[in-house]
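The values are calculated or read from the model by the stated rules, or taken from the named source; none is laboratory data. Predicted model, so just to flag it, every value in this text is computed and none were measured. For neighbour counting, all protein chains shown are included, and Cβ atoms are generated from backbone atoms with ideal geometry for every residue, glycine included. Keep in mind that these areas ignore ligands, DNA and RNA; they rest on the heavy atoms of the full protein, side chains included. Shrake-Rupley method; radii C 1.70, N 1.55, O 1.52, S 1.80 Å.
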Amino acid sequence: MEFTFTPEEERFRHELRTFLAAQLPADWSERDFLGDVSRDEQRGVDDAVTRALADKGWLALPWAKQFGGLGAGHVQQAIYTEETAYTRMPGGGGAGVASVGPSIQRFGTRAQQEQYLPRTAAGLDRWCTLTVEDDAGSDVAAMQTRAVRDGDEYVISGAKTWVSGAERATYGLLAARTDAKAAPQDGISTIIVPMDAAGVTVRPLDTLAGERDLSEVVFEDVRVPVQNVVGRENAGWYQMQTASDLERSGVGVISTAKANIERLVEAARDDDSLIARNPSARYELADRWIEIQVGFNVSYRVPHLQAQGQQPDQEAYEAKLYGSELTQRVANTGMHLLGLAAQAGPGGRYAKLAGAFSREYLRATAATVAGGTSEIQRNLIAQRGLGLPRD
Amino acid sequence: MDLGLNEQQELLKNAAREFLENECPESHVREMEEDERGYSPVLWGQMAEQGWQGLLIPEQYGGVGFDFLDLTVLLEEIGRALVPGPYMSTVLGGAVPIIEGGSEDQKKEFLPKIASGELIFTLALTEPSARFDEQGVQCAATVSGNDVTLNGTKLFVSDANVADYMVVAARTGKGVTLAIVAKDQPGVTVTSIQTIARDKQCEVVLKDAKGQLLGAEGAGWAILEPVIQKYTVAEAAYLVGLAQMDFEIAVDYAKERVQFGRPIGSFQAIQHKCADMVTDVDGSRFITYKAAWCIASGQPAADTQMAVNMAKAWTSESTRRVVAHGQQIHGGIGFTKDYKIQLFYRRQKRAELAFGDADHHRELVAQQLGI
Ligand SMILES: Cc1cc2nc3c(=O)[nH]c(=O)nc-3n(C[C@H](O)[C@H](O)[C@H](O)COP(=O)(O)OP(=O)(O)OC[C@H]3O[C@@H](n4cnc5c(N)ncnc54)[C@H](O)[C@@H]3O)c2cc1C
């Protein structure tokens, strides 16, 4: 057993920190946390960071060298996730690098690989994934968006929701029903759709915490060539399940939790009203700190096992479950410590920590829903992990 | 032992529910979030016609003369419908202090106009220190005869933007002193604070503001103690109604929403949440009724104080658990503004914090236990 990183991993972390310090405005993470960043500034920093990452070959860090990546190991990828989350780095490869690229590498044709991968690794194309629908959330396989063959084309109609980054994406990887008669899992294909294709409409969602980049995407008789299917027609569902090799440590939310608790600890040192009259607050901060350390271990176990060639599915569900519930506890701790002023929204004169925790408190409700709900994670741990019978 | 409502309370509850379902639907709650005043004068007038503002006010001053337990029943319905506007501010923050500490002239002057819906009041108690205890009152007052001059800042004052008068807690050499202060005067500046509930909580800056003494100079805290007790229980009752409705919406949704070919309510993971929610709601209701009953029936002071602190300590946290489950049961849709469940989630936080969060009341419980 060894609770340290290798010298190469440490070197990478150091180099990455130096890079982030140089690329991000000095007070970026603070201002971003406080909601003090305009949309234009956000985009500007996003573009600049994405370009700089591409120049360094870091944008597609995990990809094999032949596809424009550096073939980074799993632990190194998790370090990347940890550090970029801690600094609240905007930009980076998003879904294109994290899931679409690997899917094209594994299942795509050579022509698709040549057409899409270099541009994605260079930050010239951005992707979104088009998967969940209003009536197909936890039960994704129930999706109804259709891609019907018409000669050399698919004609797509339907609507996807909870799409991240759709407004800036050049392409989407769509999961759609290509066989209406087959069992739900057996009739789904993944298809590349240019986001500027005729009939694609992106509608931003109005969310509780005012997120900027979640949308609904509607398809009205959108035509794409049949060559855009990735992998085999009707095998999309099974291809989507082969995510086990991807970075799935879940360490990003642990890292964010750490930064947020550090903000509270610092505020509590400065402003004794936060803790002096409330002895339980000290223990609560200590609890969160301990939980963060638990989280780091649970998360890093995932890449550790992947590096050994294992498939840590159950471990990844555990990390996801633990991290998203920790996110909510951290938000609650912020609200608790900041007292009456915690309810004041961002920016106000009397909003402690500038009201950032009131937004965090709203945003955290999504932590146990997005990316698979906590109930689903528990089902997966119990049924797939522990082999308990389904009800 | 009888934990049920009496006939009059049942009538009040049913009438209030029916009225609010018609007059204060979800669309109204949303509209008032965007409204600068944050309340509808029409609804306010209708509430007055039914005697709600005057519920606690004795008949001789134009009120209905019901007791505090009756008010608790009504407040549960107000929480259920998330009624926007200055009802609690006016009744608990205006009528109650005047009933407790006002002169005969003040009662005659203000109470009938509160009962008729003519006047809106609020209580200006908390300051930037955000404390709910006697030490928290630092706003400066000087008294000359019946006149009070005030200087200081009051914070998180509900509905001050629309109030005609404020009951201000301030401090003279003799201790905490209350004053009734007209809002429309040069010495009073009111600014709304953006809050998670998108309600109307305000900063009130007093610069040589003029008011009239309410009770004797230095007697303010003694008058405020029963006011704070009642206001605290009122917030708990509001939370009970809010949580009850959140729970009902979530159970309905769990019955309707289908995933994996069956209603999500058929999954035990969801059933257990629903069961936890109703257990928390019921627990909250009866500990709140107990506190209200102590007040209404004049139980010994020590018992009443303990009951009030326990009620708010419990409901502050139990209802937070309820609304968190409400969100989770809704999945992604709960995170959109389109669906109504988030209205309850955001408003729970206001009432959780109002008149002391769970820690504040836990501390008082511990003190009363002698630890
Ligand atoms: C902020 C946010 C960002 C998101 N980002 C993305 C994204 O980038 N990409 C993407 O594809 N999706 C994204 N989503 C969608 C997300 O994956 C879904 O919301 C999630 O899968 C749940 O689906 P649903 O909302 O339809 O809820 P439902 O599936 O309707 O669930 C409702 C409730 O029922 C429970 N439930 C459902 N099935 C079961 C079961 N079998 N056993 C026990 N309980 C069950 C759920 O746990 C939940 O509590 C995002 C969602 C949010 C809120």
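Which percent of the accessible area of the range B:318-371 is formed by carbon and sulfur heavy atoms (probe 1.4 angstrom)?
Of all accessible area on the range B:318-371, carbon and sulfur atoms account for 56 percent.
Note on B:F132: accessible area is roughly 30 Å² with a 1.4 Å probe, heavy atoms of protein only. In terms of accessible area, using a 1.4 Å probe and ignoring ligands and nucleic acids, B:H330, A:H336 rank largest first as A:H336, B:H330.
Cα-Cα pairs above 31 Å in chain B: how many percent? Pairs farther apart than 31 Å: 34 percent.
Computed from phi, the 3J(HN,Hα) profile of the range A:76-82 under the Karplus parametrisation 6.51, -1.76, 1.60 (θ = phi - 60°) reads 4, 4, 5, 4, 4, 4, 4 Hz, with x in place of Gly and Pro. Considering only alpha-carbon pairs that sit under 8 angstrom and 6 or more positions apart, the relative contact order computed for chain B is 15 percent.
When N is the residue count of the range B:243-304, what does its C-alpha Rg come to as a fraction of 2.2 N^0.38 Å?
Working: Rg = 17.4 Å, N = 62, 2.2 N^0.38 = 10.6 Å.
It is 1.65.
Kirkwood hydrodynamic radius of the range B:7-115, from the reciprocal of the average inverse Cα-Cα distance over all distinct pairs: 14.3 Å. This model, with +1 at the C-beta of Lys and Arg and -1 at the C-beta of Asp and Glu, gives chain A a dipole about its Cα centre of some 180 debye.
Tally up the carbon and sulfur contribution to the accessible surface of the range A:126-235 as a whole percent, 1.4 Å probe, everything protein left in place.
Working: 2040 of 4670 Å².
Reported share for carbon and sulfur atoms: 44 percent.
Over the residues of chain B, the helix contribution to mean residue ellipticity at 222 nm works out to -17000 deg cm²/dmol, using -39500 (n - 2.57) for each DSSP H run of at least 4.
Let me know the shape class of the range A:1-130, please: from the alpha-carbon gyration tensor, a ≥ b ≥ c as square roots of the eigenvalues, rounded when a/c is under 1.5, otherwise prolate if a/b is greater than b/c, or oblate.
Details: a/c = 2.12, a/b = 1.20, b/c = 1.77.
Because a/c hits 1.5 or more and a/b fails to exceed b/c, the range A:1-130 counts as oblate.
Determine the residues within the range B:312-337 where the difference in accessible area between the chain on its own and the full set of protein chains amounts to at least 50 Å²; count protein heavy atoms only and use a 1.4 Å probe. Residues meeting the cut-off: B:Q328, B:F335, B:K337. A compact globular protein would have a Cα radius of gyration near 2.2 N^0.38 Å; the ratio found for the range B:222-368 is 1.16. Per residue, the range B:222-368 exposes 35 Å² of accessible surface when a 1.4 Å probe is rolled over the protein heavy atoms with every protein chain present.
Dipole orientation for the protein assembly as shown: of the candidates A:N379, A:A366, B:A243, A:N379 has the Cα lying most toward the positive pole (charges on Cβ; Lys, Arg +1; Asp, Glu -1). Across the options B:A351, B:Q327, B:G79, the greatest Cα extent toward the positive end of the charge dipole of chain B (unit charges at beta carbon of Lys, Arg, Asp, Glu) belongs to B:Q327.
Ordering A:S280, B:S318 by accessible surface, largest first, gives A:S280, B:S318; the 1.4 Å probe counts only protein heavy atoms, with every chain in place.
Probe radius 1.4 Å, ligands and nucleic acids left out: which of B:R350, A:R390 has the largest accessible area, and how do the rest follow? Walk me through the numbers on the way to the answer.
Numbers: B:R350 30, A:R390 175 Å².
Largest accessible area first, the list is A:R390, B:R350.
Charge tally around A:H336: other residues with Cβ under 9 Å, Lys/Arg +1 each, Asp/Glu -1 each, net -3. Evaluated with a Cβ-only charge set (Lys, Arg +1; Asp, Glu -1), the protein assembly as shown carries a dipole of roughly 1440 debye about its Cα centre, given to the nearest 20.
B:L56 sits among other residues whose Cβ lies under 14 Å from its own Cβ, and their net charge, with Lys and Arg +1 and Asp and Glu -1, is -2. Report the B-A buried area as the accessible area lost on both sides summed, probe 1.4 Å, in Å² to the nearest 100. Summing both sides, the interface buries roughly 3500 Å². Measuring spread by the Cα atoms of the range A:127-234 yields a radius of gyration and Dmax of 13.2, 45 Å. Per-residue shielding of A:364-372, expressed as the average number of other chain Cβ atoms within 10 Å of the residue Cβ, stands at 4. Which values of log₁₀ I(q)/I(0), to two decimal places, follow from the Debye formula for chain A at q = 0.07, 0.09, 0.10, 0.12 Å⁻¹ with a uniform point scatterer at every Cα? Debye intensities relative to I(0), on a log10 scale: -0.34, -0.57, -0.70, -1.02. Amide H contacts of A:M195 (H built 1.01 Å from N, in plane; Pro and chain starts excluded): A:Y171, A:G172 sit under 5 Å, all sequence-distant by 5 or more or on other chains. A probe of 1.4 angstrom, applied to the heavy atoms of all protein chains, finds B:D184 with accessible area near 140 square angstrom. Short-range pairs are left out: with C-alpha atoms under 8 Å and at least six residues apart, the relative contact order of chain A is 14 percent. Ranking B:F267, B:V308, B:T336 by how far each Cα lies toward the positive end of the dipole of the range B:222-368 (charges on Cβ) leaves B:T336 at the top. All distinct Cα pairs of the protein assembly as shown go into the 1/r average, and the inverse of that average, the Kirkwood radius, is 28.4 Å.
Could you size up the charge dipole of the range A:120-216 around its Cα centre, putting +1 on the beta carbon of Lys and Arg and -1 on that of Asp and Glu, and report it in debye to the nearest 20? Kindly include the intermediate steps, with their values, before the conclusion.
Values: 9 positive and 16 negative charges, 21 e Å.
So the dipole magnitude of the range A:120-216 works out to roughly 100 debye.
Counting charges near A:I381 (Lys, Arg +1; Asp, Glu -1) among other residues having Cβ under 12 Å from its Cβ returns a value of -1. Taking the accessible area of the range B:7-115, probe 1.4 Å, and keeping the other protein chains in place, the carbon and sulfur fraction comes to 44%. Relative to one another, the C-alpha centroids of the range B:249-327 and the range A:144-160 are positioned 47 Å apart. Based on DSSP H segments of at least four residues, each scored -39500 (n - 2.57), chain A has a per-residue ellipticity at 222 nm of -14000 deg cm²/dmol. Measuring only protein heavy atoms, the 1.4 Å probe finds B:K337 accessible over about 70 Å². Taking accessible area as the heavy-atom solvent-accessible surface of the protein chains with a 1.4 Å probe, which residues of the range B:187-211 lose no less than 30 Å² upon going from the isolated chain to the full protein assembly? Going by heavy-atom accessible area, the residues of the range B:187-211 that drop by at least 30 Å² are B:Q194, B:I196, B:E203.
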